[in-house]
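What follows is one structure encoded as structure tokens, with my remarks underneath.
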Amino acid sequence: MTLYIILTINSITMGGLLFLLSAGFSLIFGLMRIPNLAHGALFMLGAYFGVTFLRMEVNFWIAVIFSGVALAIIGGVIERLLLRRLAGQELAQVLVTLGLAFIIADVCLLIWTGDPIPLNAPESLRGVERFFGIVFPRYRLAVVVIALILAIGLWFLLERTRLGAMIRASVDDPEMARVTGIRVSRLFTIVFALGAALAGVGGVLSGPILSVYPGLDAEMLPLALIIVILGGAGSLPGAFLGSFVIGFIYNFGQVFFPDLAYVVLFLPMLLMLVLRPQGLFGKDPL
Amino acid sequence: MLLFLFKMKIPLFCLALCSVLVSSFLVVAAYAQDADPIRIGLMTVKTGPLATGGIQMEQGLDIYLRSVSYTIAGRPVEMIVADTGGSPAVARTKAQELVERDGVDAIIGPLAAFEALAINSYIAQVGIPTLSIAAAEDMTQRTPNPYFIRVSSSSAQASHPMGHYAAVDREFRRAVTIADDIAYGQEMVAGFQRVFEENGGRVVAKLWPPLNVAEYSAYIAQIQNVDVVYMAFAGINGLRFIRQYAEFGLQGEIPLLGGMTSADESILRNMGDEALGVISSSFYSSELPWPANVDFVSRMREVYDVNPGYYAVSAYLEAMVLHAAIDAVGGDTEDKAELMNALRSVELEDSPRGYVRFDEHGNVVGNIYIFEVQQKDGRLVNTPIKTYENVSQFWNYNSEEFLSQPVYSRNYPPAIYLGQ
């Protein structure tokens with residue numbers, strides 16, 4: 001019984017972590033219609049920025065924010081200088097993001113070396129909580145709370161602000177949005193920067209759990225892809241639900257079907273693509 | 001049009017031909033001037049997730065060659081570094097380049113077993129002596145390669161003694177194992193399980209996270225009702241697992257034992273208190289007390305500011321063995337078969353890991369140590385707490401009997417106590 005309880009809590013915390021990863025990916029996918037294959041690399045870059053800020057003895061939360069801001073700038077620059085030139089050529093854009101992923105990974109290796117670097121959680125969140133004899137790391141619980149706050153914040157941004165309304169309109173029908181006077185191309189920059197910032201924030205926040213190391217990017221990208229296909233591109237509730245679904249599948253799957261660890265992860269994605277290509281909350285087929 | 005192209009091409013072709021001829025004359029001239037150098041090809045990994053170990057291999061080799069002023073048997077030594085990127089296909093190409101273009105006399109490396117397997121038939125076919133840390137058991141057991149020699153340890157060579165230590169010295173009875181689901185992890189676990197169970201222990205659960213698993217919490221949740229955990233990880237997975245083990249409050253609650261790369265120096269220097277108390281078995285740590293090692297460690301610290309671990313010392317030892325063999329053949333590296341014989345008969349009385357010789361299959365016989373992670377002068381170190389002397393890859397089993405059984409794997413030897 002305790003195993004089930006531990007697995008359930010694990011699944012929820014993993015879901016929180018995955019939401020930090022996939023929210024930005026989903027936004028970009030929804031608006032720009034391209035899977036940003038550099039998302040894993042941006043996530044890793046954010047984590048490495050966090051490493052550098054923490055080495056400069058910056059407070060953990062400030063490091064999270066700095067990293068988010070730095071990634072927002074980098075994301076904005078990538079969109080303006082590279083993706084903008086290829087507007088409308090979606091395949092070319094995807095290839096550019098793939099190339100960027102490799103470049104970022106190699107630059108990280110050059111700057112931060114190949115050594116794995118663990119990040120330390122803030123002092124107050126180290127240690128464990130005990131509920132009814134079950135031990136649980138405090139920091140992971142904090143990650144779930146942060147993911148919830150972030151989800152609510154993003155929901156508010158998308159559903160209750162003018163910018164959010166413009167983004168939603170452009171996700172649903174970019175041509176029509178353009179006709180009504182929305183500068184869709186500027187939205188692209190904003191959304192790409194926002195997505196990159198979310199990746200950066202997620203990278204630092206996941207550092208104390210995952211550590212930072214070369215290859216982190218390639219491990220996280222498929223997870224983001226699975227979640228967004230499950231949840232539906234561009235749908236925030238989709239990314240949220242998808243993250244927790246994958247959190248549960250991942251944790252329970254590894255215990256009950258240990259030999260099929262990747263099958264249980266990718267099978268739902270395949271089924272979703274065959275049966276409902278637009279995902280749980282997606283509006284139109286990809 | 002065609003004719004025009006054809007005309008264009010002839011002068012170009014002549015030019016190319018001339019330059020090739022001239023450059024080869026230059027090379028020949030260069031040969032005649034100097035004493036022909038000994039060329040050592042280092043196959044390592046300098047990019048990607050395995051880069052940490054790969055870079056240390058280069059450092060260890062460099063430190064050795066510096067200590068002999070890049071001269072062996074009166075001939076200058078050239079080190080040619082090839083980066084395989086941790087890819088078997090690239091490893092195969094690089095091996096061919098080293099042999100056919102650079103004309104190396106011996107290869108040190110590659111780093112990973114899957115790379116070694118990719119070049120295995122090639123090195124036997126061209127007959128190039130290869131000294132590698134690739135731990136795959138069968139490379140020196142059921143299908144030995146006559147041109148392959150290993151001075152570090154086969155996968156299970158260091159985990160057999162750990163099984164003994166856990167069952168006999170510490171009297172642990174119920175163990176769970178967790179290892180990377182690759183041959184290296186499987187073979188280490190198999191060796192541990194075999195000796196542990198023969199001495200009264202029981203492996204009650206075996207967990208196999210995929211090599212690239214993002215997170216270990218689902219596995220840690222299954223560690224219940226046992227006396228001890230045995231882990232067998234490669235690369236940086238040891239660091240990630242040990243951290244999460246501590247994060248879930250298991251550090252100090254259930255003792256954690258590990259295989260040779262689970263907590264070696266390359267990992268420890270990036271860790272904190274969460275690694276304290278981890279016990280691992282290996283053929284080397286920078287804390288071994290004799291002069292040959294103290295000297296090596298101080299030179300590594302001086303030049304590269306790191307404590308050498310598994311990878312650095314392996315390349316260093318490989319260079320030592322190669323040096324001894326080239327001396328034994330009087331500096332003549334032309335006859336590769338003879339050089340290979342010399343390599344296999346090398347005995348080192350005084351190396352950083354202690355006494356070293358080779359068995360008939362080309363695998364090292366040497367000490368295996370049990371280490372505990374402790375704090376010393378503000379650094380984490382692996383302090384030796386027990387020595388198993390002159391351990392062979394067959395532990396104390398009869399080698400013929402050992403070889404007549406299947407190679408160690410996920411399911412061999414069978415785990416009969418699972419779930420009990």
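None of the figures in this text is laboratory data; all of them are computed from the coordinates on show. Quick caveat, the model's predicted, so the values are computed rather than measured. Methodologically, a virtual Cβ is constructed for each residue, glycine included, from the backbone with ideal geometry; neighbour enumeration extends over all protein chains shown.
Computed quantities for the displayed model
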{"read-out": "Estimated [θ] at 222 nm from DSSP helical runs (n ≥ 4, -39500 (n - 2.57)) normalised by residues in chain A, nearest 500", "value": "-25000 deg cm²/dmol"}
{"read-out": "0 to 90° range, to nearest 10: angle between helix A:138-160 axis and chain A longest Cα axis", "value": "20"}
{"read-out": "DSSP bridge pairs, chain B: antiparallel proportion in percent, nearest 5", "value": "40"}
{"read-out": "Euclidean distance between Cα centres, segment A:59-76 to segment B:171-248, Å", "value": "37"}
{"read-out": "Expected 222 nm ellipticity per residue - DSSP helices of 4 or more, -39500 (n - 2.57), all of chain B, to 500", "value": "-12000 deg cm²/dmol"}
{"read-out": "Nearest-ten-degree value, helix B:113-126 long axis tilted from longest Cα axis of chain B", "value": "40"}
{"read-out": "Estimated distance in nm for a label pair at B:Gln96 and A:Leu271, the labels positioned 7 Å out from Cα along Cα-to-Cβ", "value": "4.5"}
{"read-out": "Neighbour-count ranking [beta-carbon atoms within 10 angstrom, fewest first] of B:Thr143, A:Thr189", "value": "B:Thr143, A:Thr189"}
{"read-out": "Cβ-Cβ FRET estimate between A:Ser124 and B:Glu347, R0 fixed at 60 Å, reported to 0.05", "value": "0.55"}
{"read-out": "Listed residues A:Leu109, A:Gly76, A:Thr52: farthest to the positive end of the dipole of segment A:37-129 (Cβ charges)", "value": "A:Gly76"}
{"read-out": "Taking A:Ser211, A:Ser243 and counting other C-beta atoms within 10 Å, the order from fewest to most", "value": "A:Ser211, A:Ser243"}
{"read-out": "Projected label distance in nm at A:Val77 and B:Arg301, using a 7 Å step from Cα toward the beta-carbon", "value": "4.0"}
{"read-out": "Total charge dipole magnitude, the protein assembly as shown, about the Cα centre, Cβ charges on Lys, Arg, Asp, Glu only, Debye to nearest 20", "value": "2920"}
{"read-out": "Charge dipole (debye, nearest 20) of segment A:20-215; +1 at Cβ of Lys and Arg, -1 at Cβ of Asp and Glu", "value": "340"}
{"read-out": "Inter-site label distance for A:Leu163 and B:Asp335 at 7 Å from Cα along Cβ, in nm", "value": "7.8"}
{"read-out": "Total lysine pairs under 29 Å (Cα atoms) in the protein assembly as shown, excluding pairs fewer than 8 apart on one chain", "value": "5"}
{"read-out": "Segment A:20-215, relative contact order in percent, only Cα pairs under 8 angstrom and at least six apart counted", "value": "48"}
{"read-out": "Between 0 and 90°, nearest 10: helix A:236-256 axis offset from chain A longest Cα axis", "value": "40"}
{"read-out": "Sequence of B:Trp208, A:Trp155 once ranked by neighbouring C-beta atoms within 10 Å, starting from the fewest", "value": "A:Trp155, B:Trp208"}
